[in-house]
Each structure stands twice: as C-alpha cells, then as structure tokens.
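Have a look at the structure below, then the notes.
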Amino acid sequence: AMAYGSVFSTFTGDDAAGMKLSLYTSPDALNFTLLSNTGFGGSSGYIRDPSIMKHVDGMYYVAYTDPLTDNCCGKEDHFSIAKSADLSHWTNLTTVDAGVPGVAHTWAPEWYLEGGTVYVTANIDTLNTDSDFKPYLFTALDSTLTSWSAPVPLGFGPNYIDTFVLKVGATYHAFAKNETTRYCEHATAPALTGPWTFVGPGDWAGWGSGMEGPAVLQLDDGTWRIFMDGQGSLPFVTATSPDLSKWSAWVALPG
C-alpha cells in the first residue's frame, strides 16, 4: 500500500511474526530501504493490508485489515485505523464497522482523498466463500477520522477485492483483483460510485494470473507506476505506464 504525498511502502507477511507493520522508503519508488520494523500489530496483534496516508494535521494514518488471529480467516466485521507522528510508533485510533448485513470478511481498506474529503474503500464478503466480495466506500465525517459514514457500494462486483481508486481529470479509475481469475483488472467511471466499465478485463495488461493488492502512484515525471503482490509464488512486482492504459511487463522489486 502506498502513502499519499511521499513514497512509503508498507508490507506484512502471512506468518504470525510477519503480520506486524514494517515500512520501507525509496527515492525513486523502485529501490526500497527499510525504515522501521515497527512491531505494531493492531488491536489483535496481527495486521494485514496496511494503507498509509499523511493527513492535513501532519500525522500519518494507517487503515488495515484487523484479523482476529494470525489464521485466515475469522469474521472480520470491521477495519481499523491507527495513527503515528513518526511512522515508527503507532497508536490505535478507531475501528470502523462494516455495516453490511451478514458480513463475513472486511478486507484491504484503502485510503482515497479528493477535494479535502477522506474516503476509505474496503472489500466486504457476506457468503464466507470469497466469491461475494464487493468494494464499498466509507466517508470520514470529521477531520479526526474517528467518525465514518455507513458503507456505500462502489458499484461493481461481486468477486472483486483489493480495490484501489484514483482520479485523473474527470475520470475515476479502479484497479481490483478478480478473485476467480486472479487477474488485476482496470475499470473507469465518470463518478466515484459509478457506473463502472471494465476497460481492462482479464489479462488485459499481460501480467498473468496471481497478482493482488494493486497500488498505483504517479511519479514526478508523470509516469504511472503500479505495485502488486505475487501472492507468495511471485515476488512483489511493479510495472509502469504513460497513461494508465498501456503498461510495461512487470519486474520484481529489487531486494
């Protein structure tokens, strides 16, 4: 997950020891150096899917999947938020209820900022089969990020997780993993809640199956860069694009 404003990357492992927050920093969004193994494990001691931003108050905030244990998967009926002044020392701030009847999992919350409004997209499953995941939009109701709206469907799914949203000009873009094919697909819309059209379905970019957790940022030269997780069989990978439509082949992140 990528920070807004600066290039910071957060990763966690799938084993109990690895499910703590670690941060890496980079001058070029390619070569990363460890900044801190924070030891932060959230409210349960285990943290997944961290997404970090720097807020207008100068503090850093991480939204994260909050599993009950180190095993996948319990009933995650909320996501959580923590804050830090220095990226190394973290304190839990709040939990945000999924608010969807029959919720089984609430995964991969991701920050999205627009016009001074802070949103989180989170992916919620109700069937407990991983086939019902849909992205929902939560809106912060105050600047402290402790009060949040009820969920609003983003407008596509089911069967999509790890949704990452950004806006370029008047067009909204969503990158999300199809849970069945395990392709990272690309959709666009004229409004944040749709209607969405998948302009990059299936293996549209040639990255192959098995990618998840897409995160996209724009470099100083205008180039776009996507980061994805190879789900254990592949490394963390990255690819670049001039326009969000035509992408390079992926390459492994060094180290």
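The values are calculated or read from the model by the stated rules, or taken from the named source; none is laboratory data. Every value quoted in this text rests on a predicted model; they were computed, and no experiment measured them. Please note: Cβ atoms are built from the backbone with ideal geometry, for glycine as well, and neighbour counts cover all protein chains shown. Side chains are part of the model used for accessible areas, which takes the heavy atoms of the whole protein and leaves out ligands, DNA and RNA. Shrake-Rupley method; radii C 1.70, N 1.55, O 1.52, S 1.80 Å.
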May I ask you to list the aspartates and glutamates whose Cα is less than 16 Å away from that of Lys83, ignoring any residue fewer than eight positions away on the same chain? Asp49, Asp57, Asp66, Glu110, Asp142
Going 7 Å from the Cα of Asp28 in the Cα-to-Cβ direction, what parts of the stretch 212-255 have a backbone nitrogen less than 12 Å from that spot? 254
Taking the alpha-carbon distance from Lys134 and a cut-off under 13 Å, which aspartates and glutamates remain once sequence neighbours fewer than 8 residues away in the same chain are dropped? Asp125, Asp162, Glu179
List the aspartates and glutamates whose Cα sits under 16 Å from the Cα of Lys246, skipping any in the same chain fewer than 8 residues away. Glu185, Asp203
Counting heavy atoms of the protein chains only and a 1.4 Å probe, report the per residue accessible area for the chain as a whole number of Å². 41 Å²
Cut-off 18 Å, label 7 Å out along Cα→Cβ of Leu68, residues of the stretch 125-169 by amide N: 125-130
Excluding Tyr112 itself, what net charge comes from residues whose Cβ is under 15 Å from its Cβ, given Lys and Arg +1 and Asp and Glu -1? -2
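Give, in nm to one decimal, the length gained when the segment between Val152 and Ser245 is fully stretched (0.36 nm per residue of separation minus the Cα-Cα distance).
Taking 0.36 nm per residue and subtracting the Cα distance, the gain is 30.8 nm.
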Lone cysteines, the chain (no partner Cβ under 4.7 Å): Cys184
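Looking at the square roots a ≥ b ≥ c of the eigenvalues of the Cα gyration tensor of the stretch 92-202, which shape do they give, rounded for a/c under 1.5, prolate if a/b is larger than b/c, or oblate? Could you put the intermediate results ahead of the total?
Working: a/c = 2.13, a/b = 1.13, b/c = 1.88.
In terms of gyration-tensor shape, oblate.
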When the dipole is taken about the Cα centre of the chain, and only Lys, Arg (+1) and Asp, Glu (-1) are charged at their Cβ, what size is it in debye, to the nearest 20? 240 debye
For a distance above 28 Å, tell me the whole-number percent of Cα pairs in the chain that qualify. 26 percent
